[in-house]
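Structure first, then comments.
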Amino acid sequence: MATVWIDGEWFDEETARVSVYDHGLLYGDGVFEGIRVYQGKIFRLTEHIDRLFDSAHAIGLTIPLTRDAFARITEEAVRRSGLSDAYIRPLVTRGRGDLGIDPLNCPTPSLIIIVDVIRMWSEERYRQGLRMMTAGTPIPQREALSPRVKSLNYLCHIMAKMEGANAGVDEVLMLDAHGWVAEASGMNLFVVRDGVLRTPPAYAGILRGVTRDVVIDLATAAGVPVREEILNRYDVYTADEAFLTGTAAEIAAIREVDGRSIGTVVPGPITLDLHKRFHALVRSEAAA
Ligand code: PXG
């Protein structure tokens, strides 16, 4: 059952409530995380809590708890949910204020932790690979708000996702403000060409995904060379393999982008191998 913690109190899905004066709701003023629980164990909790606190710091929001205390409450929320495979959504908003934009009128941040489940694509989609298209909506330029901040402003990603849904594809490829390949609507992108794994660098308008970092480590350990470098759509179209990574999506192979087929076998051998290694890692950490 869904469990929700709000500023020190426990609720369920039906009883959890936030104020209409919360600036997270009024202005999207806040940050969030998405974390996975496998067999009762939280995957990469420290990395996610660090990213949450860094995102908050980057928007000038001080979380009134230590990283450690936030982690302990997150663990307690998972225990109370009774779920062994779950998705955790921590949120920190600027808190309650008045109807003006000024964050100084919000004396205390609101802290929320939701534990529930998340569903992505069907098993069939994972087996066959995703069909994607390039969205016309770019990632906002970093001078507006760093894409590294996991903020409550996901409208560009949502508009991109909507374009994809309208066109009947599974997911969208988003470019950054320079037109470089950035990421999907909530996932990072990797391509394989001639045995080399390539992914856009952190400065190319992406959120630096925790799963992305795990996959880079797994590939390196498997002897697959990894390069973080600027990619354009040509690199994606002409890849031997391509896949997406994310906490919710895990590793999802891509079979087509903008009508161009990617490689010949989907999922390709390196994608399949990394997928196996990822699940082995998750299982071994859960058993530890
Ligand atoms: N890029 C963006 C913009 C994201 O929001 C990722 C990459 C992958 O990061 P992790 O750390 O999860 O490997 C995310 C992940 C969804 C969903 O429904 C995904 C995210 C947030 C909300 C929903 O797939 N974030």
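The values are calculated or read from the model by the stated rules, or taken from the named source; none is laboratory data. Given the structure is predicted, the values throughout are model-derived calculations rather than measurements. Cβ atoms come from the backbone with ideal geometry, glycine included; neighbour counts cover every protein chain shown.
Quick notes
- The helices (runs of 4 or more DSSP H) found entirely in the stretch 1-119 that carry 3 or more residues being free of Cβ contacts under 8 Å to residues at least 60 places away in the same chain and not assigned by TED's automatic domain parsing to the domain that holds Leu152 are 45-58, 67-81.
- Those residues of the stretch 103-123 which are closer than 24 Å to Glu14 by Cβ and within 16 Å of the ligand (Cβ to nearest atom), in sequence order: Ile112, Ile113, Ile114, Val115, Asp116, Val117, Ile118, Arg119
- Met162, sole failed condition from (1) out of contact with any helix residue (DSSP H, G or I) (no Cβ under 9 Å at 6 or more places or on another chain); (2) part of a strand (DSSP E or B); (3) outside the structural domain of Lys41 (by TED's automatic domain parsing): (2)
- Residue list for the stretch 47-58, restricted to those being surrounded by fewer than 19 Cβ atoms within 10 Å (Cβ to Cβ) and either of a type in the set (A, V, I, L, M) or within 13 Å of the ligand (Cβ to nearest atom) (or both): Glu47, Asp50, Asp54, Ala58
- Just one of the numbered conditions (1) crowded, with 18+ Cβ neighbours inside 10 Å; (2) modelled with pLDDT under 95 is not true of Ala184: (2).
- Only one entry of Gly82, Gly100, Gly95, Gly40 meets the criterion of being crowded, with 18+ Cβ neighbours inside 10 Å, more than 13 Å from the ligand (Cβ to nearest atom) and over 18 Å from the mean Cα position of the chain (by Cα), and that entry is Gly95.
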